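Notes for the one structure printed next.
The values are calculated or read from the model by the stated rules, or taken from the named source; none is laboratory data. Just so you know, these numbers come straight off a predicted model, no measurement behind them. Glycine gets a Cβ as well: all are built from the backbone with ideal geometry, and neighbour counts include every protein chain shown.
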Amino acid sequence: MKMKFLRRIDQKFVWSCHSNSTTDMLMKRFLFNDSICRIKFLSQTEAINFDQELFNEYQFSVDQLMELAGLSVASAIYKSGSLDPIYKPPGQILVVCGPGNNGGDGLVAARHLKLFVSNQTAELNGCTGYNPVIIYPKQGKGQLFVNLVNQCKRMDIEFIDNVDKLDSYKLIVDALFGFSFKPPLRAESRPILENLSRIDHQNKRLISIDIPSGWHVEHGPSSSSSSENDTNGQSLTPIIKPDCLISLTAPKKCAQHFRGSLHWLGGRFVPQSLAQKYQLNLPEYSDAEQCLLLSSK
């Protein structure tokens with residue numbers, strides 16, 4: 001067998017000669033794993049500054065990025081079905097949305113999930129796709145969020161008022177808070193997080209978009225129990241433990257504390273020049289894929 005020789009030049013791999021397809025596959029996997037190990041995890045300040053550059057320097061609009069982010073979230077959820085059957089359609093999927101851009105990503109994802117596996121041929125074969133349901137306790141400000149809600153309603157996506165009963169949902173999407181979240185937790189969000197923190201992970205899957213809600217953007221979940229109080233006597237933020245994390249643009253530092261089974265990267269809209277400026281070291285997406293699997297257990 002002819003072997004390929006690998007040498008490292010400026011943190012990149014260069015190989016020579018030829019080999020069979022098995023060696024090629026192993027070498028590509030090795031290169032991919034190495035690229036994942038070199039991904040930069042962003043701090044809260046870096047994530048905020050990165051977004052501002054996308055808006056101001058690269059002239060992206062909020063709704064543009066939100067649409068692409070939501071599509072990548074929906075794609076990651078659908079593709080997770082090949083790794084864990086619980087993610088496969090059909091079935092009801094609850095999308096818990098907050099008032100900010102993370103909630104907007106959730107609204108967009110719900111709309112795309114409604115469309116997945118819902119064509120006539122699939123229905124004739126008995127596959128009806130996902131049936132998303134949305135809880136949106138506090139709507140975001142501005143016409144953008146009004147439009148997103150209207151789009152979902154016009155697609156017959158149901159909005160509900162509370163999340164007391166999770167029995168009907170095998171998948172729950174956490175789109176409450178993004179990387180701009182700072183404590184304290186608002187009163188209307190506490191019951192939702194408390195319910196999400198008690199999910200039965202044996203037959204349900206909790207999916208967090210970019211940041212598991214309530215986690216510190218850089219330090220991850222609190223080391224204290226959710227039943228304990230802080231020094232002011234206030235109850236600490238309930239700790240959720242997502243099974244799946246879908247990081248957007250680049251993982252945030254809190255993702256280093258993620259212990260779930262699936263970690264995806266989405267948001268395929270990062271200009272190469274900006275990625276280089278922030279030294280993101282992002283792995284390459286395949287073909288026309290909207291998401292990239294970073295780790296699975």
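Which condition number in (1) of a type outside the set (Gly, Ala, Ser); (2) modelled with pLDDT of 95 or more; (3) under 26 Å from Ile86 (Cβ atoms) is the one that Lys253 fails?
(3)
I'm told Ser224 meets every condition in (1) modelled with pLDDT of 95 or more; (2) farther than 24 Å from Pro99 by Cβ except one. Can you identify the failing condition by its number?
(1)
List every residue pair whose Cβ atoms lie under 8 Å apart, where the two residues are 6 or more positions apart in sequence or sit on different chains, the first residue falls within the stretch 29-47 and is at pLDDT 55 or above, and the second residue, located anywhere, is assigned to a loop (DSSP other than H, G, I, E, B) and of a type in the set (D, E, K, R).
Ser35/Glu284; Ser43/Glu218; Gln44/Glu218
Any residue in the stretch 94-123 that is aromatic (Phe, Trp, Tyr) sitting within a Cβ distance under 7 Å of a residue that is assigned to a loop (DSSP other than H, G, I, E, B) and at pLDDT below 95? List the pairs, counting only those 6 or more apart or interchain.
Listed by first residue and then by second, the contacts come to Phe116/Pro89; Phe116/Gly129.
Tally up the residues in the stretch 264-292 that are among the hydroxyl-bearing types (Ser, Thr, Tyr) and under 20 Å from the mean Cα position of the chain (by Cα), please.
Residues in the stretch 264-292 being among the hydroxyl-bearing types (Ser, Thr, Tyr) and under 20 Å from the mean Cα position of the chain (by Cα): 2 in total.
For the subset of the stretch 153-195 comprising residues that are of a type in the set (Asp, Glu) and closer than 30 Å to Asn49 by Cα, which member is surrounded by the fewest Cβ atoms within 10 Å (Cβ to Cβ)? Explain how you work it out, then say what you get.
Filtering the stretch 153-195 for residues of a type in the set (Asp, Glu) gives 156, 158, 161, 164, 167, 174, 188, 194.
Adding the requirement that they be closer than 30 Å to Asn49 by Cα leaves 174, 188.
On the way: Asp174: 30, Glu188: 11.
The qualifying residue surrounded by the fewest Cβ atoms within 10 Å (Cβ to Cβ) is Glu188.
Condition first: basic (Lys, Arg) and either within 27 Å of Thr249 (Cβ to Cβ) or under 16 Å from the mean Cα position of the chain (by Cα) (or both). Now tell me which residues in the stretch 175-226 satisfy that.
Taking the stretch 175-226 as the starting set, the residues that turn out to be basic (Lys, Arg) are 182, 186, 190, 198, 204-205.
If the condition is that a residue be basic (Lys, Arg) and either within 27 Å of Thr249 (Cβ to Cβ) or under 16 Å from the mean Cα position of the chain (by Cα) (or both), then Lys182, Arg186, Arg205 are the ones that fit.
Only one residue in Pro99, Pro90 is at pLDDT below 95, surrounded by fewer than 22 Cβ atoms within 10 Å (Cβ to Cβ) and in contact with a Ser or Thr (Cβ under 7 Å, 6 or more places away or on another chain), so which one is that?
Checking each option against the conditions leaves just Pro90.
Go through the stretch 81-106 and report how many residues are within 13 Å of the chain's Cα centre (by Cα), part of a helix (DSSP H, G or I) and not polar (S, T, N, Q).
Adding up the residues that qualify gives 4.
If we keep just the residues of the stretch 239-297 that are part of a helix (DSSP H, G or I) and either touching a Lys or Arg at 6+ places or on another chain (Cβ under 8 Å) or of a type in the set (Lys, Arg) (or both), which is surrounded by the most Cβ atoms within 10 Å (Cβ to Cβ)?
Top of the filtered list is Lys253.
List pairs: first residue in the stretch 210-238 and in a strand (DSSP E or B), second residue at pLDDT 80 or above anywhere in the structure, Cβ distance under 6 angstrom, at least six positions apart or on different chains.
Listed pairs, sorted by first residue: Gly220/Cys254; Gly220/His257.
List the number of the failed condition for Ile160; all other conditions in (1) of a type in the set (A, V, I, L, M); (2) under 21 Å from the mean Cα position of the chain (by Cα); (3) closer than 16 Å to Ala110 by Cβ hold.
Evaluating Ile160 over (1) of a type in the set (A, V, I, L, M); (2) under 21 Å from the mean Cα position of the chain (by Cα); (3) closer than 16 Å to Ala110 by Cβ leaves (2) as the failure.
Run Gln59 past the list (1) free of Cβ contacts under 8 Å to residues at least 40 places away in the same chain; (2) more than 25 Å from Leu166 (Cβ to Cβ); (3) surrounded by 16 or more Cβ atoms within 10 Å (Cβ to Cβ) and report the number of the one that doesn't hold.
Failing condition for Gln59: (3).
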